[in-house]
Structure formats: structure tokens, C-alpha cells
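Presented below is the structure to which this report refers.
The values are calculated or read from the model by the stated rules, or taken from the named source; none is laboratory data. Quick caveat: nothing in here was measured; it's all calculated off a predicted structure. Positions of Cβ are generated from backbone atoms using ideal geometry, with glycine treated the same way; all protein chains shown enter the neighbour counts. For accessibility, only protein heavy atoms count, side chains too; no ligands or nucleic acids. Shrake-Rupley method; radii C 1.70, N 1.55, O 1.52, S 1.80 Å.
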Amino acid sequence: MAGPVFSRLTLFERLLTLFTSVRPGEGRIVMLMLTQVFLLLHGYYLIRVLRDTLILVEGSPEIRSYANGAIAVTLIFIIPLYKLLFDHLKRGGDKSAVLRWVGSFFVSNLLLFAFLIWLGIPIAVPFFIWVGVYNVMVIAQFWAFAADLLNIKTGQRLFAVIMVGVALGAMTGSIVAGRLYEQIGATNLMLLSAALLAGVVMLSRHAERVVPAGSRAADVEEAAKESPDVIAQVMDGFSTVLRSGYLVRIALFVLLLNMVNTNGQYILSAFVTGHAQQAAMASGGMLSTGAVISQFYGDFWATVTALQIVVQLFLVSRIFRWFGVRGAILILPAIMILNYGLILFIPVFALVRLMMIVESTANYSIQNTTNHTLYLPVTRKEKYVGKTTIDTFFARFGDLLQALMVFVVAQLLGLDVSWIIGINLCLAAVLFGLGTAIGRYHRTEIHHRLENLPPVVSKRLPDVYVPAGQMLVFSIPDRTFMDPDPGDTLNYAAGAPGGAPLAPWIRFDRHNQTFTVCPPAGDAGSVPVVLTATDFEGLSVEAGFRVDYGADPVPRFIAAPAGELRDPPAPGPGDDAGTPKETPRPRD
């Protein structure tokens with residue numbers, strides 16, 4: 001049976017309790033992973049805004065969609081190579097090795113692209129494809145690393161807080177790229193992004209070492225099934241997904257979700273391009289189309305990520321606590337149905353901007369956290385190879401389908417963007433149905449095996465006696481409450497029986513698990529106190545004790561030092577063998 005000792009939280013850990021439950025010692029790993037993901041997303045958004053600007057200036061929204069499709073084709077060749085790298089690195093038992101190798105590879109790529117731009121070579125299309133691969137590969141490695149480090153309960157609690165680093169990095173990266181594109185140039189943005197990614201790589205080994213024992217994931221491995229067929233080994237990245245019904249459902253959801261998202265970006269880029277052309281003409285040559293587009297995307301992503309921070313801090317953890325994965329996975333599809341229904345009938349640029357901000361905010365906060373949480377219960381191979389295959393190939397295959405759809409609708413049939421909006425509305429409805437199926441499967445197949453157990457009382461709380469008019473400060477004894485679930489946390493609350501508040505002269509510090517008692521002078525009586533311990537998913541247990549107060553008595557037993565509770569000696573002949581009553585020395 002696992003359970004927390006009443007160790008005191010650090011100041012940073014106490015701050016984290018405003019947003020989620022935290023165990024003592026988890027502050028360091030949260031800070032390190034927050035820093036890592038902040039650097040990663042800040043660097044990515046530097047080149048993301050650059051990518052969008054280059055592809056629209058040198059090309060068009062249609063070329064952007066075709067380039068998205070090319071990413072899926074590229075990943076068909078990358079996934080088998082990644083699987084071979086994982087098989088080579090997993091033998092060493094170093095959980096940060098995969099992230100460090102993949103991150104270092106993409107750092108070298110960024111340096112190469114910066115050199116090509118410095119030479120004046122056009123790179124818009126290949127760079128767009130590369131950024132798409134970089135995005136899904138590196139970010140997938142970070143979250144696979146996080147799922148590999150933390151156990152299920154810990155991940156469900158902490159992922160929502162760690163995702164705040166995603167929002168902060170994306171917001172600051174968007175602001176920097178949007179403002180500095182015209183001032184420092186593309187080369188310097190790429191070099192800065194490479195430096196930040198190198199920082200992520202260097203911090204990963206330290207993060208691996210600071211995870212508390214009670215929060216660390218136990219390795220869940222499948223039996224080795226090495227095939228003598230070289231082709232089968234190379235394609236094992238795809239078979240890892242196809243062998244698991246759970247991963248197949250996730251893969252289909254991600255494919256369809258990315259198809260709808262990419263359609264949404266195409267719709268947005270079509271409206272943005274028209275708006276930028278009008279703004280450039282209205283400025284009389286003072287503004288270029290590229291400058292308007294760059295400024296728009298910088299402001300757009302900054303707004304999205306600012307809202308994402310608020311949602312991530314105050315809503316995501318509570319959504320998981322209230323509705324679980326089954327409810328969280330349906331929020332974005334519901335927003336998409338509303339979004340494209342409104343845009344279809346009111347195709348105004350201001351409305352499109354507003355609704356895409358709402359959709360993107362939900363996508364990058366609630367939906368992203370949900371997607372990463374889905375991999376906590378699976379094996380290590382499924383966390384790395386399965387997640388990477390889904391987040392890369394299956395996600396980008398949705399882009400490929402979207403590119404084919406745009407080609408047919410916009411090029412072959414010559415239809416306007418309203419048809420794409422209508423198609424997205426239908427796809428969002430299908431996505432909602434698929435999300436419902438995944439939520440049901442998760443609840444019956446995954447959550448069943450990890451059924452939450454309620455906390456238990458492992459020690460009785462002794463009664464205390466306090467002389468009237470004097471103060472006593474005492475702590476709850478260690479291991480009074482225990483939680484059987486590894487990685488779970490307990491939140492504490494104190495009150496009177498029946499849920500009534502405590503007497504005003506009894507104060508409880510839930511962070512330090514201490515009571516401060518100062519009964520009024522000249523009074524006497526007895527007050528029952530109920531202490532409640534509640535786990536992350538809302539299951540609770542209660543333990544009670546009594547506070548007696550009155551005239552300063554002659555101690556029946558030897559008093560404990562101030563602030564402590566000591567078990568009384570065994571009752572002798574003639575002593576009352578009932579509930580022991582403590583008489584600790586009052587603290588002035």
C-alpha cells in the first residue's frame with residue numbers, strides 16, 4: 001500500500017496546489033519539464049511563424065495544403081528509421097536517450113537551413129515540410145519521455161500543469177517571431193530556435209534523475225517478439241499500432257482530428273490572404289502582403305496561447321477530475337461543430353478569426369493534454385514507437401487526405417471555400433462520434449484495470465486537551481491517511497461533523513497539515529473535529545478527534561513537547577482503557 005508521508009511542500013509546490021494536487025518532491029521535476037517544454041515550444045513557434053510566412057509569400061494557400069500532404073509521404077520513410085533507432089537505444093535503459101538523439105539531429109538540420117537562407121537559396125516548400133516533421137517528431141519524443149518517467153496517477157495530475165509551459169513557449173515564440181521577422185531576418189530566428197532545442201536536449205538527463213520514487217513510472221514491457229524478417233522489423237512501427245485495438249482507435253481519432261485542423265488552417269489562411277491583400281492595397285504601398293500576414297499570425301498565435309494559459313491553469317485539471325478522459329475528449333469536437341456551423345452561414349473575417357481562436361485554444365490546451373494522457377497506461381514501446389507513429393504518420397496522413405480534398409474541391413471542381421467549410425462541419429460531427437467511442441473504450445478497458453481505490457485511515461487521531469486562553473500548534477501524525485494508488489495525492493480539509501465550519505479559534509493549514517488551537521480564556525467545553533482526506537478523483541475518507549479545553553489540568557500522562565502528539569503508555573490496572581486523551585504542553 002502506497003501513501004504519502006506528511007512531508008512539507010516547498011513554496012513552488014504550494015503554488016502548484018492552486019491548480020492541481022502535488023506530492024512533496026515533485027516540484028523539481030515539474031520545474032524542469034516546464035522549462036524543457038517552454039524552450040521547445042518557444043523555439044518551434046519562432047520557425048512556425050516563419051514557415052507560414054515563407055509558404056504564403058512564395059506560394060499560396062493551395063501550395064500550403066499540398067506541402068502538408070507531402071509531410072505524410074516523408075514520414076512513411078522516417079518511421080521505420082525511428083523504430084530502428086528506438087530498438088538500438090532502449091537496450092541501455094536510459095529513458096532520455098531517444099529524446100536526446102532525435103533533438104540533436106534536428107538541431108543540426110536547423111543549422112543547415114539557416115546556412116541555406118544565408119546563401120539566398122529559396123527553401124519555402126522543403127522548409128515547410130521539414131517543420132511539419134520536426135514538430136510532430138520532437139514534441140512526440142518529449143511527451144513520450146514524460147509518459148515514460150511518470151506513473152499514471154502522477155501524469156494525470158501533472159500533465160495539465162506541465163502543458164502551461166507549452167502555452168508560455170508558444171505565446172512568447174509567436175510574439176518574438178511576429179515582431180522580429182522584418183528586423184533580424186529568418187537566419188537569426190533559425191539559429192535561436194536551434195539554441196533553444198539544444199537546451200531541451202541538455203536538460204533531459206537531469207529531469208530523468210529527479211523524479212520522486214512514488215511518482216516514477218514502473219516499466220511495462222511486452223515480451224520480446226523479434227521477427228527474423230528484416231522488412232517486418234523495419235515496418236514494426238506501424239504494426240505496433242495495428243496490434244492494439246486501443247492504439248488503432250487513437251490513430252483514427254488523431255488522423256481525423258488533424259484533417260479537420262488542417263482544413264481549418266486552410267480556411268483561415270484563405271481569409272487571411274484576402275484580408276492582407278486588401279490591407280496592403282489600402283496602405284498605398286506602406287505595407288507588404290507578407291508583413292500583414294506575418295503580423296496577423298504573430299498576433300493570432302499570441303492571443304491563442306494567452307487564452308491557453310488561462311484554460312490550462314484553471315480548467316484542464318478540473319475537467320479531468322470532473323469528467324475524466326471520456327468527457328475531455330468530446331469538448332473540441334463540440335466546439336468544431338459550432339465553429340464551422342457559424343462560419344458557413346456568416347463568412348466574415350472577424351468571425352472567422354474569433355472562432356478559430358476559440359477552436360485553437362481548446363485544441364492546444366484541453367485536447368493536447370487529453371491526447372498525451374491517453375498513453376500513460378501503455379507499454380514503453382507503445383509510448384515511444386506507437387505514439388510517435390500516431391503523432392507523425394497518422395496525423396500527417398490526415399494532412400495528405402486534406403490536401404487531396406482541397407485539390408479536388410478547389411482545383412478540379414473550382415468550388416469556393418464555403419464547400420471546405422461545409423465538409424469540415426460534417427467531419428467534426430464524425431469526429432464527435434469517434435471521440436465518444438474512444439471515451440467508452442477507455443473507460444471500460446483502461447480505466448477498469450486502473451480502478452481508483454479510496455484512501456484509508458491507517459492511524460487513529462488522538463484527542464487533545466488545550467488550557468483555555470493558551471495556544472497549541474500540532475501536526476497530524478505521519479501516515480494517518482494512506483492511498484493505495486501509486487502516484488495519487490491527498491487533499492485535506494477540516495470541519496465540524498455534518499460539514500459545518502470549525503470554531504473560529506481552531507485553524508487548519510492544509511499545506512502543512514497543522515492545527516492551531518487557541519480556545520477563549522475562562523471557557524470550557526469539547527469540540528469534535530473531522531479531518532477529511534480526498535484523492536485526485538474525489539474519493540475521500542474521514543477521521544475524527546476531539547478538542548477538549550478548560551482549566552489548566554494536572555497532566556495524567558507525561559506531556560509531549562510542544563507541537564507533537566505522543567501515544568500514551570499502555571493503561572495499567574484501574575486505568576480507563578478507552579480512547580486515549582492527550583495533554584500536550586501548550587505553546588505560548
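Using alpha carbon centroids, what distance separates region 70-116 and region 408-443, in Å?
32
Which value results when the Cα radius of gyration for region 267-372 is divided by 2.2 N^0.38 Å?
1.27
Taking the Cβ-Cβ separation of THR379 and TYR441 as r and a Förster radius of 22 Å, what is the calculated FRET efficiency to the nearest 0.05?
After rounding to 0.05, the efficiency reads 0.80.
Taking the Cα centre of region 10-168 as origin, work out the dipole magnitude from +1 charges on Lys and Arg Cβ and -1 charges on Asp and Glu Cβ, in debye rounded to 20.
Roughly 500 debye, rounded to the nearest 20.
Using r as the Cβ-Cβ distance of ASP509 and MET202, and R0 as 45 Å, what FRET efficiency do you calculate, to the nearest 0.05?
Using R0 = 45 Å, I get an efficiency of 0.70.
I'd like the carbon and sulfur percentage of the solvent accessible area for region 299-365, probe radius 1.4 Å, heavy atoms only, ligands and nucleic acids excluded.
78
In nm, to one decimal, how far is the modelled label at ASP523 from the one at ALA195, with both set 7 Å along Cα→Cβ?
The two pseudo-label positions are separated by 6.3 nm.
Rounded to the nearest 0.05, what FRET efficiency do ARG460 and ARG318 give with R0 = 35 Å and r taken as the Cβ-Cβ distance? Could you check?
After rounding, the FRET efficiency stands at 0.60.
Report the relative contact order of region 82-193, percent, no decimals, based on alpha-carbon pairs under 8 angstrom and at least 6 residues apart.
40
With +1 assigned to the C-beta of every Lys and Arg and -1 to the C-beta of every Asp and Glu, and no other charges, what is the dipole magnitude of region 80-174 about the Cα centre in debye, to the nearest 20?
280
Given labels modelled 7 Å from the Cα in the Cβ direction, how far is it in nm from PHE349 to ARG209?
Those two pseudo-labels are separated by 5.4 nm.
If packing is taken as the mean number of other Cβ atoms within 10 Å per residue, what is the order of 43-56, 21-34, highest first?
Result, highest mean Cβ count within 10 Å first: 43-56, 21-34.
For MET471 and SER283, calculate 0.36 nm times their separation in residues minus their Cα-Cα distance, and state this gained length in nm to one decimal.
Full-extension gain reported as 60.4 nm.
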